[in-house]
Amino acid sequence: MAPAAVAVAGRKNWSAECKNLWRVAGPVILTEIFQFGLGFVTVAFVGHIGKVELAAVSIVNGVVEGLAFGLLLGMGSALETLCGQAVGAGQTHMLGVYMQRSWIICVATSLLLLPLYIFTAPVLRLLRQSAAISAVSGTYARWCVPQLLAYAVNFPIQKFYQAQSRVWVMTAISGAVLGLHALLNWVVVARLGRGLVGAAMVGERVVVAAQRGAARARHRRVVSRGVDRVLAQGVR
């Protein structure tokens, strides 16, 4: 083959590989931006309540939730490899098994992290944080416990979809939840004046529950289709 033809073929392959890469990476990037936006919206609305509340929420989001987010996301990411291998080998019946095991491990880890949420105030006072900020941070962190448990369920589902290249599912869910999150914060915090507890309930209970429920509903349909394909292949 002539060098010019080889160069043209190489450019075509490079272009096709870039398209395939961004077809998967683009929605994943948007999903992470939307999920990061949940905390950003909460901080933006709480900032209008007071300086102490803003400092408390920033500490909880950046330190307490950041630690839990990193640990559970890393543990949930192991599922991506296992599910990817199962899909590549045509063993779609193992996807649900792997995800259930991941749920058990992540939930157990979240329970180990639970004391950090419950005793946030004493820990911050031990680190010489002001008494006012420590007290408000402790209150807010306790209201964030449902989000900790939701992380343990949500991250395995997210990796479950990514292993099957169904990345737009989580992107659509995350985008819709972010919009709902902003709307509810505006209603509960800005209009009704429910303060820090209202922001915590919106951000850490209502929105996370909606995201988890939508992901579960979609997950059941995906698993059902995968099992049906396996059964059909077995019959043939």
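The values are calculated or read from the model by the stated rules, or taken from the named source; none is laboratory data. Every value quoted in this text rests on a predicted model; they were computed, and no experiment measured them. Positions of Cβ are backbone-derived with ideal geometry, glycine not excepted, and every protein chain shown enters the neighbour counts.
The numbered conditions (1) at pLDDT below 90; (2) surrounded by 17 or more Cβ atoms within 10 Å (Cβ to Cβ); (3) in a helix (DSSP H, G or I) are all true for Thr92 except (3). Cβ-Cβ contacts under 7 Å between residues 6 or more apart (or on different chains), taken from a first residue in segment 46-59 that is closer than 19 Å to Phe36 by Cβ to a second residue that is in a helix (DSSP H, G or I) and among the hydroxyl-bearing types (Ser, Thr, Tyr), are listed as Val57/Thr42; Val57/Tyr140; Ile59/Ser137.
State all residues of segment 99-133 that are in a helix (DSSP H, G or I) and touching a residue at least 60 places away in the same chain (Cβ under 8 Å); if no residue qualifies, say none. Answer for segment 99-133, where residues must be in a helix (DSSP H, G or I) and touching a residue at least 60 places away in the same chain (Cβ under 8 Å): Met99, Thr120, Leu124, Ala132, Ile133. Being closer than 16 Å to Gln162 by Cβ and modelled with pLDDT of 90 or more holds for only one residue in Leu30, Leu54, and it is Leu30. Among the conditions (1) in a helix (DSSP H, G or I); (2) under 30 Å from Ala190 (Cα atoms); (3) touching a residue at least 60 places away in the same chain (Cβ under 8 Å), the only one that Arg142 does not satisfy is (3).
Scanning segment 79-89 for residues that are over 17 Å from the mean Cα position of the chain (by Cα) and assigned to a helix (DSSP H, G or I) turns up Thr81, Leu82, Cys83, Gly84, Gln85, Ala86, Val87, Gly88.
If you check Ile104 against the conditions, is it at pLDDT 90 or above and within 19 Å of the chain's Cα centre (by Cα)? Yes, satisfied.
Taken together, the residues in segment 73-82 that are farther than 10 Å from Pro156 by Cα and surrounded by 15 or more Cβ atoms within 10 Å (Cβ to Cβ) amount to 1. Residues that are over 21 Å from Val136 (Cα atoms), modelled with pLDDT of 85 or more and buried (at least 16 other Cβ atoms within 10 Å of the Cβ) within segment 178-218 comprise Leu178, His181, Ala182, Leu184, listed in sequence order.
Under 14 Å from the mean Cα position of the chain (by Cα) and of a type outside the set (D, E, K, R): is that true of Val187 in this structure? Here the answer is no, as Val187 does not meet what is asked. Screening Leu71 with (1) without any contact (Cβ under 8 Å) to a residue 24 or more places away in the chain; (2) under 30 Å from Phe45 (Cβ atoms) gives one miss only, at (1). Of all residues in segment 113-146, those being modelled with pLDDT of 90 or more, under 20 Å from Gly203 (Cβ atoms) and in contact with a Lys or Arg (Cβ under 7 Å, 6 or more places away or on another chain) number 2.
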